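Asker: Encoded as structure tokens, here's the structure I'll be asking about.
The values are calculated or read from the model by the stated rules, or taken from the named source; none is laboratory data. Fair warning: this is a prediction, and the values are worked out from it, not measured in the lab. Heads up, the Cβs are rebuilt from the backbone with ideal geometry, glycines too, and the neighbour counts pull from every protein chain shown.
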Amino acid sequence: MRYLITSALPYINGIKHLGNLVGSMLPADVYARFLRQEREEVLYICATDEHGTPAEIAALEEGLDVAEFCQRQYERQADIYQQFGLSFDHFGRTSAPENHELTQHFFQQLEANGFIQERDISQIYSLDDQRFLPDRYITGTCPHCGYEKARGDQCENCTKVLSPTDLLNPRSTISGSTNLEVRTSKHIYLLLDKLSDEIRQWVEAQTHWPQLTQSIAMKWLNEGLQSRGISRDLSWGVPIPKEGFENKVFYVWFDAPIGYIAATKAWGEAEPGRDWESWWKNAEEVRYTQFMAKDNLPFHTIMWPATILGSREPWKMADYIKGFNWLNYYGGKFSTSSKRGVFLDQALDIAPADCWRYVLMANAPESSDSAFTWEQFQKPVNKELADNLGNFINRILKFTASRLGNTLPEGGTPGDLEAELQTTCDQLVKKLRDHLHKMEFRRATETLNALWTAGNQYIDVRAPWALFKTDKDEAAVVIRTCINLIRLYAIASAPFIPHAAETLYDALKLTDEERHHTMTEAANLTILAAGRPFEVPAPLFQKLDDDRLAELMAQFGGE
RNA sequence: UGCAGUGUAGCCUAACGGCAAGGCACUCGGCUCAUAACCGAGAAGAUGCGGGUGCAACUCCCGCCACUGCAACCA
């Protein structure tokens, strides 16, 4: 079995926020890191999603050519994800040549198989902006309620669904220009309705999917699939290889998921000996898992499968789709466009990546929307990372170094209490692995915590600071056991907090081989023997004090 | 308006139709190795509202209320 993992492609128009991270890239990374540690063959692929109107407009606002804009944004995003420890095997771009080529290929297959239709549609054209405007980029007065800032797709005041031509005094949201006209333009449509039965069959066969994923897919199918336009009057995108479509490109949602395959191809071509196609074509022995927030589910359960099914080619479809709900910021949405919430570059200025990784996974919106608040960020960082884990490491290593020096002490043999601890650890590691295999991230972090607590309970019962005065051999047993626990903690926690794990590997001077142990192997509490050297690292996690918390709340407007 | 999801204590979460559980916060005690941390004990406190089915309902069904999302040219 090989594991193919993709996370929803982050859009190019700016630095992503915590909500984007927690719903796709971060859980996918934890899962990928865990499986690699278990010595499974893993390919974790992601890319920036670069096409579409918002990218063109964002570029315009910054006064940059859109290709240049995307290049800069791509580099910024890639850098930030690297700082967060996201371990993509390849982080590609949908603007890459591989994606152009594959997208055109899929289109030609769909067309040859009769799933494409040409239609003339009327659209609003802005003479001053020199572009067609998507419905939501037109603002005007709602004919129903008189709200002056109604959008062309819907009036957010009275919630009535609108068409741009309904609006009174329509104007371009981009420039404010009222110099608009209706123009007819030729477009291609993907006939989803013709593929509906096949999609339904596929969806219904996925009985093991999370309930959220299944119900969103069924919602679309039950409402009846309609054909969907997959071309746009833009210049930035994948050109349409068809006569009469020279000035149009594919709709961003048509080419974005193809980007998963294209990024894999780019990975394959980067080094000799990589067989990218074996991951995607006739890949029955590959288990493919997709991670995404719920807004992406319709595209991954309906549109993207339609593209693959309609191609009549043996491309890999998702075996499992892990959908996430929203992480809300004080009751509302995180929003890139309205700059609401905490963005990834700011996050890294506030706390190390591992704190964010851990807290976000501990509060992952798995079964329902969950809330981000600064109090809920502070609590796990202080109580779980700093106190429970960090302090355990610090207390045992400092104690040992100051009393006995920087090597594991000799003497004694493990007894009943050590055997009991061993059993507890074995059970918890088994449970942790089970949760991670099932992608139950909240439960996995709870189990990690239980594992850390077990160490504190053990050291409290054994009290090596007292034994040290009465029975040095017994104290040595306890210390060796605790230092082996630290090694177990480092390895078991590594998928969540990889940077802290590295620090611990270094502190314990683990060999390359020892760093690559599975958590099951690391659960042996006698591996690091007497005489092994270690160093005392600085406290692993700094706490966030209440003053700092108040500062953050003031700065970010949390209330 | 339609569709989907959600609603459990001060807060966050858990419970195949079978004694509503855990964490945080709170109180008391222990320890003194450690980042005012750690360990133990304790108290209080909850299934949005109204019906229905069942021996038994947080769980299934109907209605209502509240919040969130989507409603196909934003992604």
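Asker: In this structure, does A:P498 turn out to be surrounded by fewer than 17 Cβ atoms within 10 Å (Cβ to Cβ) and not hydrophobic (A, V, I, L, M, F, W, C)?
Answerer: The answer is no for A:P498.
Asker: For segment A:200-218, which positions are under 19 Å from A:D295 (Cα atoms) and either surrounded by fewer than 19 Cβ atoms within 10 Å (Cβ to Cβ) or touching a residue at least 40 places away in the same chain (Cβ under 8 Å) (or both)? Lay out the reasoning, then the answer.
Answerer: So the first thing to find is which residues in segment A:200-218 are under 19 Å from A:D295 (Cα atoms), and the list is A:203, A:209-218.
Scanning segment A:200-218 gives A:V203, A:W209, A:P210, A:Q211, A:L212, A:T213, A:S215, A:I216, A:A217, A:M218.
Asker: With A:L26, A:L4, A:L21 as the choices, which residue is within 16 Å of RNA strand B (Cβ to nearest atom) and of a type in the set (A, V, I, L, M, F, W, C)? Steps first, please.
Answerer: Numbers: A:L26 fails: within 16 Å of RNA strand B (Cβ to nearest atom); A:L4 fails: within 16 Å of RNA strand B (Cβ to nearest atom).
From the options A:L26, A:L4, A:L21, the qualifying one is A:L21.
Rundown of residues vs (1) within 15 Å of RNA strand B (Cβ to nearest atom); (2) under 22 Å from A:M317 (Cα atoms); (3) charged (D, E, K, R), yes/no style:
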{"position": "A:A217", "(1), (2), (3)": "yes, yes, no"}
{"position": "A:W220", "(1), (2), (3)": "yes, yes, no"}
{"position": "A:P241", "(1), (2), (3)": "no, no, no"}
{"position": "A:K248", "(1), (2), (3)": "yes, no, yes"}
{"position": "A:Y260", "(1), (2), (3)": "yes, yes, no"}
{"position": "A:P272", "(1), (2), (3)": "no, no, no"}
{"position": "A:E285", "(1), (2), (3)": "no, yes, yes"}
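Asker: Among the residues that make up segment A:293-306, is at least one of them within 13 Å of RNA strand B (Cβ to nearest atom), closer than 23 Å to A:G14 by Cβ and of a type in the set (G, A, S)?
Answerer: Looking through segment A:293-306, at least one residue is within 13 Å of RNA strand B (Cβ to nearest atom), closer than 23 Å to A:G14 by Cβ and of a type in the set (G, A, S).
Asker: Can you tell me which residue within segment A:370-388, out of those that are within 6 Å of RNA strand B (Cβ to nearest atom) and either over 22 Å from A:E551 (Cβ atoms) or among the charged types (D, E, K, R) (or both), is modelled with the lowest pLDDT?
Answerer: By that ranking, first place goes to A:S370.
Asker: Of all residues in segment A:401-429 being assigned to a helix (DSSP H, G or I), hydrophobic (A, V, I, L, M, F, W, C) and surrounded by 14 or more Cβ atoms within 10 Å (Cβ to Cβ), which is farthest from the chain's Cα centre (by Cα)?
Answerer: Step by step, filter segment A:401-429, then rank; the result is A:L404.
Asker: How about segment A:257-375: which helices (runs of 4 or more DSSP H) wholly inside it have at least 1 residues that are touching a strand residue (DSSP E or B) at 6+ places or on another chain (Cβ under 6 Å) and of a type outside the set (S, T, Y)? Outline the logic, then answer.
Answerer: Working: elements: A:304-311, A:344-350, A:353-362.
It comes to A:304-311.
Asker: Still on this structure, please answer the following. Which of the following residues is of a type outside the set (A, V, I, L, M), near RNA strand B (Cβ under 8 Å from one of its atoms) and buried (at least 16 other Cβ atoms within 10 Å of the Cβ): A:R480, A:R442, A:R462?
Answerer: A:R442
Asker: Right, another one. List every residue pair whose Cβ atoms sit under 7 Å apart, with the two residues 6 or more apart in sequence or on different chains, where the first one lies in segment A:90-105 and is under 13 Å from A:L9 (Cα atoms) and the second, anywhere, is crowded, with 18+ Cβ neighbours inside 10 Å and among the aromatic types (F, W, Y).
Answerer: Once the first residue is under 13 Å from A:L9 (Cα atoms) and sits in segment A:90-105, its partners that are crowded, with 18+ Cβ neighbours inside 10 Å and among the aromatic types (F, W, Y) give A:H90/A:W267; A:F91/A:Y81; A:R93/A:Y74.
Asker: If I ask for residues that are hydrophobic (A, V, I, L, M, F, W, C), assigned to a loop (DSSP other than H, G, I, E, B) and either at pLDDT 95 or above or exposed (fewer than 12 other Cβ atoms within 10 Å of the Cβ) (or both), which ones from segment A:541-557 would you list?
Answerer: Once the filter is applied, which keeps residues that are hydrophobic (A, V, I, L, M, F, W, C), assigned to a loop (DSSP other than H, G, I, E, B) and either at pLDDT 95 or above or exposed (fewer than 12 other Cβ atoms within 10 Å of the Cβ) (or both), segment A:541-557 yields only A:F541.
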